[in-house]
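Novice: Structure below; questions to follow.
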Amino acid sequence: MFRTFFLEQMMKLLRTSFHIYDEDLKLVTRLGTRRIETEFFQRYNELLRSPSASGRKTDEDLGYPVILIEGAAVYAVFSKGMSERQTLIAGPVADGPLDRAEMMRYRERYGLAESQKYIPSVCPLDIFISGVLLTHAHLTGEEISAAELWERNKEHYASAVNMPEQITQDIFDRLESPGLHNPYEQELRELESIEKGDVQALAQSISEVYEGEIGRLAKDPLRSHKNVAVGNITLASRAAIRGGVGVEQSFSLADSLIQQVEEIGSVPEVEVFKREAQYTYARLVESKNARRGKERIVRENPLIAQVKDYIFNHLHDTIQITDIASEMGVNADYLSHLFSSSEKMTITEYVRCEKVRRGENLLKYSDYQIRDIAFYLGFCSQSHFSKVFRQISGLSPNEYRKKFGNREGWKS
């Protein structure tokens, strides 16, 4: 009974169904499932047999759950800890909502008619894996990490098994077709420029002429350039963090930029966007350095980074220094002194600068009324927001919007 209770709760958390089959592949129990999902397993027995197909061992022998990827769907198969040689299956789930093309491929794979209107449940993969680890621990009393789970599962994925052989072949092909990659030193100069917030040095580094070419990261040229852009943005985000930008702020900006890259439809536009993303990070560091003055610490105190992340995540609230200090378990006066010494401004001044910076973006790119922006950023009134905004930017919110507004860019 306790096992059933556990699976019922896990079903709600993971938004997935659970099936239990006996060794003859006959259904014993199903929890939270739609009948059509049961039909999947009955129609496609390979989903049940996959862990032991072609002589493979079951996870009773292997000691861990087997993660199966079937098209857009993810399943987990458990044998260890089950009684009477039964098999427990969790799934199917999709990592995210399926677009029309993915859904059509899914329907075709499983012979689904349009009229059946079936859409697999959505559960982010990391959450699903956490549920798999908990279920394994519940069934067996054994704890394994996500890293261990994927390491043990790699034998079920051809791409992981064949990786060394493929690397050998690719390097051989590369040597047969001579050509140089871009110099590593040039990449380091770009990243150093971003870390220092030196926009001019970044422009010079990007403009360097050198023998070599950008690596091919996909067979499709557009996909290859997008992959390069994603790598550049990721490296730039880390360089900006080393330059003093808050971790959450830098990562959130990277998330936005990478998602925008995916929407671009041409190689030239990807190239322009990639460079502008690098400049965006360099200007962000430049702005941080301007506020701190020319003196800059080489290695930021971890507490300072935590303060910046807290402020970034609470810009829509009224932020109190005592709340930040309590969150970090330190004395408020000590934290204030440490921050002021490092950043050459008080925490309160930093909060105001960050709120104004967020307000500038909203004034540039959104249709929100100034009153709404003020309350959205945690100001007690529009007049207070306008006063602080003018003190920092030199313009009133209305003047700023008239001068820099680009609401069409927001809509697009």
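Novice: Can you name every residue in the range 229-254 that is under 21 Å from residue 186 (Cβ atoms) and touching a residue at least 60 places away in the same chain (Cβ under 8 Å)?
Specialist: Result: no residue meets the conditions.
Novice: Picking from 38, 33, 16, which residue would you name as being under 30 Å from the mean Cα position of the chain (by Cα), at pLDDT below 85, in the same structural domain as residue 153 (by TED's automatic domain parsing) and among the polar types (S, T, N, Q)?
Specialist: None of the others qualify; the one that does is 33.
Okay, residues lined up against (1) modelled with pLDDT of 80 or more; (2) surrounded by 19 or more Cβ atoms within 10 Å (Cβ to Cβ):
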position	(1), (2)
78	yes, yes
81	yes, yes
99	no, no
125	yes, no
150	yes, no
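Novice: Which one of these is within 19 Å of residue 290 (Cα to Cα) and either in the same structural domain as residue 278 (by TED's automatic domain parsing) or buried (at least 23 other Cβ atoms within 10 Å of the Cβ) (or both): 254, 239?
Specialist: The match here is 239.
Novice: Something else now. Can you tell me which residue in the range 332-356 is farthest from residue 311 (Cα to Cα), limited to those that are at pLDDT below 90 and not in a helix (DSSP H, G or I)?
Specialist: Only one residue tops the list, namely 344.
Novice: Pull up the range 357-387, narrow it to residues that are of a type outside the set (Asp, Glu) and not in a helix (DSSP H, G or I), then point me to the one that is modelled with the lowest pLDDT.
Specialist: 366
Novice: Can you name every residue in the range 317-358 that is within 17 Å of residue 388 (Cα to Cα) and in contact with a Phe, Trp or Tyr (Cβ under 6 Å, 6 or more places away or on another chain)?
Specialist: The answer is 347, 356.
Novice: Could you list, in sequence order, all residues of the range 308-331 that are farther than 22 Å from residue 376 by Cβ, part of a helix (DSSP H, G or I) and of a type in the set (A, V, I, L, M, F, W, C)?
Specialist: 325, 328
Novice: Separate question: Quick check: is even one residue across the range 155-168 modelled with pLDDT of 65 or more, surrounded by 13 or more Cβ atoms within 10 Å (Cβ to Cβ) and of a type in the set (D, E, K, R)?
Specialist: There is at least one residue in the range 155-168 that is modelled with pLDDT of 65 or more, surrounded by 13 or more Cβ atoms within 10 Å (Cβ to Cβ) and of a type in the set (D, E, K, R).
The values are calculated or read from the model by the stated rules, or taken from the named source; none is laboratory data. Because the structure is a prediction, the values reported are computed rather than measured. No Cβ is skipped: glycine too gets one built from the backbone with ideal geometry, and neighbour counts run over all protein chains shown.
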